[in-house]
1. Just for segment 609-622: of the residues that are more than 13 Å from Leu656 (Cα to Cα) and either at pLDDT 90 or above or not assigned by TED's automatic domain parsing to the domain that holds Thr647 (or both), which one is nearest to the chain's Cα centre (by Cα)?
2. What helices (runs of 4 or more DSSP H) lie completely within segment 217-322 and have 2 or more residues being surrounded by 17 or more Cβ atoms within 10 Å (Cβ to Cβ) and outside the structural domain of His126 (by TED's automatic domain parsing)?
3. Could you say whether any residue in segment 75-98 is in a loop (DSSP other than H, G, I, E, B), surrounded by fewer than 19 Cβ atoms within 10 Å (Cβ to Cβ), of a type in the set (Gly, Ala, Ser) and at pLDDT below 95?
4. Every residue in segment 323-344 that is in a loop (DSSP other than H, G, I, E, B) and closer than 30 Å to Leu659 by Cα, please.
5. I'd like the full set of residues that are under 28 Å from Arg497 (Cα atoms) and of a type in the set (S, T, N, Q), limited to segment 331-360.
6. Kindly indicate the residue of segment 544-578 that is of a type in the set (A, V, I, L, M) and assigned to a strand (DSSP E or B) and also nearest to Leu667 (Cα to Cα) among those meeting that condition.
7. Just to be sure, is Ala491 among the small types (Gly, Ala, Ser), assigned by TED's automatic domain parsing to the domain that holds Ser314, assigned to a helix (DSSP H, G or I) and under 30 Å from Arg442 (Cα atoms)?
8. Residue by residue through segment 447-461, note down the ones that are surrounded by fewer than 19 Cβ atoms within 10 Å (Cβ to Cβ) and either touching a residue at least 24 places away in the same chain (Cβ under 8 Å) or touching a helix residue (DSSP H, G or I) at 6+ places or on another chain (Cβ under 6 Å) (or both).
Amino acid sequence: MKIRVLEFLKKVATEFIPLQKLVLISLAAWVTHIILRVLLLFRNNPYGFPFVSKPDWFIFHAICIDFMWIVNALVVFLIIGAITLKITGLAKKDKAKNIAVKILTILYAVFHGVILFLTLLDNETHRFLGGHLTFGLVDTYKDTSSIIVFYDYVANDLSVPYLQFVVLVLMLPFTYVVYRLLCKWYRPANNFYIRKSVIAMIVFYIASYSYVYIIWTGYSRMTKLCPVVSLIYNDLFVTQKIDGLTEANLDAYRVSYQNLWQKVEGDSSWEFSSAKEGNGLPLYRIPTAELLNSEKLKVQREMKPNFILVLMESHRGWNTGYMNPQIQPSPTPFMDSLAASSHVWMRMHTSGVPTTGGVLSTHIGIPHHTSLSQATDLAHITLPSFVSTLTDSGYTTHYMSAADPAWDNLGVWMSKWYTAQHYNREREDDSTFMDHAIEYVRDTLSKEGKPFLATLMTRSNHYPFNFAAGMTDEQKAMPLQERINVTMNYADRQLARFIRSIQNEEWYQNTYVIVMADHGFPLGENGVSTMNGGGYSNISWIPFFIHGKGLEAVRDTTTAAQIDIAPTVLELAGFAVPNIFMGHNLLRGSEAGLSLGAYSGYAALGLDGYRFIAKYPLQDETHLFADGDLHQENDLTGKLQNEESRTKEKYLGATLDTLLKISDYSLGRGL
């Protein structure tokens, strides 16, 4: 068997000797791509911060990914070459064969030259804007002024100014030099070298595939390292294209959305602008003069309150003691005690998953995009957040994360809004992370003489729920449904340390503490155990409360979502500014509420006493629950008796579709 395989490889190598230059071009291009990856991953971005905080977690994947797509391209050209050789061989025209091979070789070299140029451009786009070079980005920055601005950025690059131009000039000559060196080493007439190369490339391809897709996977990393050929292919053939809204449809959706928003809001303190304002977005609304001059906002502005927003990784309402008293003992005793003296929203839902979805929705007041990887695909879009309003209004704002914000591209977004970011790979456990947060908030932020916002993103309660320091082997061997209680309890203890270390400070009395989760996690409830398995409460129902001056201890049963947090925080800060938040100020005193979220192929809407969940966009799978059925044990789909109730299902489905079309349209345009 072994002899037959070797004979086959020898025959293949002999047949492809005329095309061996394609192999050498491939290897030379691969070497250049490795250098481009090193220059991307091991450098700072143009603003002086590391492009990725853990380049060692990326570089080997990058090398393997580039090798695989280069081999795939090589195979395509080899097939074309084989067909060409067969045709010219049948015609017995050696001259024609040589011309055909030469043309194919030139085309292959040109192909790699173009890809190298686009790769360099994509790398620089990623460094400057945080997203890949896509058709959507090109459409956004297609005017000539963008080219001029790009030159200014290059000149002021805090990494190495003008290095991009040096690489641009040298990369093709360098590739050619490598190619010539390979030509000398290969000895064209000897198929021994070709045969060894074919075997080595096959082995390395299999090893690369196993390493990237089986041994050490990572969706965010794969998105960040996506090669240009895949970007082009996805833009042309794979990416779900969103049907453009006609003017008539947009106007209809605009009216429907704005009427519903005003109905839920319950007053007329905000007015939606004309279609020509706010970049034509149907979400754009402005405060009335009455609201701007209100005594309530004036008092809040004069207070200049501080804010501490704590985003607890993967904390589920199902496993939070005060939200689910059935679970004993409570995994979250400190959160329970703090919630007892806070305004608590018992029916809060995430507006996006995974972490990028929940965190971005919290900041911008719009649910996650239904089809795009928002953190990466829309990084070039300008979207204001409640943080940017605070920053522009004199606050010092700091984002502190126990997990690497560069991993899933959140760092790019935070750099748009926050004064500074804090991350160190030595502080990835919630204990060491909170040590830093305590020291910085207590000893630095509070003494700068300015109101501040400190956002803390924890990490230890993360799937597979074995990250908590000090877990015993017995605890790590528990089923996931029990293990999450251990890690949530650990995160709860670290939160307690943080709050207790600052609660006796004078400035704390003028501070609002907001505690919430980024999202939940399905652990088999409703038959779902994966993040993209549905929009049930196991993934969407999360803790959320605000503790601080003037807020009474309340158990609020108004349905709410992360899109409500941005307008609520600005209300507490005393600011009313034009915005595109889809959410509502939760402190307005209205009992009406609306929750909206998009969850990896599913979407959900809470309205009029029901929670409607649907596979999106087709809605070929739907579920309906009473809003108070937080464990979602009684699916009402198709069970409502009267015609009015059945009409309600259709209304909720149509409303969900309207809101998400408006949301996606607005996210794609930005301000």
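The values are calculated or read from the model by the stated rules, or taken from the named source; none is laboratory data. Only a predicted model underlies this, so the values are computations on that prediction, with no experimental measurement involved. Counting neighbours? That spans all protein chains shown, and the Cβs are built from the backbone with ideal geometry, glycine included.
1. Glu621
2. 247-265, 295-303
3. Checked against the condition, which is being in a loop (DSSP other than H, G, I, E, B), surrounded by fewer than 19 Cβ atoms within 10 Å (Cβ to Cβ), of a type in the set (Gly, Ala, Ser) and at pLDDT below 95, segment 75-98 yields no hits at all.
4. Met323
5. Thr332, Ser337, Ser341, Ser342, Thr350, Thr355, Thr356
6. By that ranking, first place goes to Ala561.
7. For Ala491, the condition - among the small types (Gly, Ala, Ser), assigned by TED's automatic domain parsing to the domain that holds Ser314, assigned to a helix (DSSP H, G or I) and under 30 Å from Arg442 (Cα atoms) - is met.
8. Glu448, Lys450
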